[in-house]
Amino acid sequence: MTRKLCGERDLTLFYTQGDRDQFHTLFYTQGDRDQFHFYRCRRCTLVLYDTRTGINQEKYVMSQIDPDASTRQNRGHRQTYAFIRRHRRPPGRILDLGCGDGIVLHLARQDGWEVHGVELFPEQVALVRATLGLDVETSDIEGFRGAPARWDVVLLTHVLEHLPDPVGALRKIRGLLAPGGIGVLEFPNIDALDARLRRDLRRWQLHRHRYRPTTCRGTCRSSAGRRSPTRRSRRDSRWRTGRPTP
């Protein structure tokens with residue numbers, strides 16, 4: 001395997017995990033506790049999952065959406081939108097790549113933004129359209145053909161760690177942003193205390209890439225040639241980053 005962030009081929013085994021460690025499996029196959037291998041790059045510190053065993057992203061498809069429910073997920077959505085609003089105020093245009101249940105876009109539209117979402121699974125898109133009436137289309141990030149230099153904010157919420165080519169995705173985001181626009185990324189922090197504890201207990205969920213704040217800054221430099229500030233959220237295991245384009 002080769003790291004897509006820095007090109008390093010000498011990857012060190014970081015830890016192993018298997019289906020029996022999961023509360024909700026992401027895998028197509030069943031096996032022992034050590035069949036899935038995670039490797040850490042010594043140069044850029046990104047953690048890479050060997051995807052040759054396959055993963056099942058369809059576990060993220062939801063059966064219902066309630067933007068008013070008092071849930072941990074909705075609280076996270078409100079925190080994400082509050083972070084966006086601290087860095088950019090409406091009116092303007094927000095693009096959410098991997099919009100999930102669409103609630104961040106729902107909050108932004110209520111606040112005066114023009115919004116558009118992209119989601120991988122058609123059934124999820126249909127649910128978001130029917131429940132929230134949002135402008136959402138079915139596509140992956142690579143296949144998305146949005147107008148360049150149009151968006152004031154491009155958002156990826158727990159998407160970057162699932163992508164096979166994160167640097168390519170960030171370059172695409174840069175092309176979609178209008179002058180002065182910001183990219184907002186949210187992802188798990190692999191070095192947080194709770195993440196280390198779950199790793200020790202072998203019970204945390206799988207992502208294709210695992211990030212830490214320094215890795216995120218390196219990824220952003222690779223895609224945009226500049227540093228990006230990061231900010232820790234209320235949960236130790238999550239970080240958000242945003243950076244204006246020139």
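Please treat every number below as a calculation from the coordinates, not as lab data. From a predicted model like this one, the values you see are computed outputs, not experimental measurements. Every residue, glycine among them, receives a Cβ derived from its backbone with ideal geometry; neighbour counts consider all protein chains shown.
Expected output is a single nm value to one decimal: the length gained when fully extending between GLU58 and ARG9, i.e. 0.36 nm times separation in residues minus the C-alpha distance. What is it?
Result: 14.6 nm gained on full extension.
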Applying the Karplus parametrisation 6.51 cos²θ - 1.76 cosθ + 1.60 with θ = phi - 60° to the phi angles of region 119-132, what ³J(HN,Hα) value in whole Hz is obtained for each residue in order, glycine and proline being reported as x?
9, 6, 9, x, 5, 5, 4, 4, 5, 5, 4, 5, 7, 10
Please list, ordered by chain and number, the residues whose modelled amide H lies under 5 Å from the amide H of LEU46; skip anything fewer than 5 residues away on the same chain.
CYS41
Just to check I understand the Karplus step: with θ = phi - 60° and J = 6.51 cos²θ - 1.76 cosθ + 1.60, what whole-Hz values come out for region 101-112, glycine and proline as x?
7, x, 6, 4, 5, 4, 5, 5, 5, 4, 8, x
At R0 = 30 Å, FRET efficiency that the Cβ-Cβ distance of ARG72 and ASP165 yields, to 0.05:
0.50
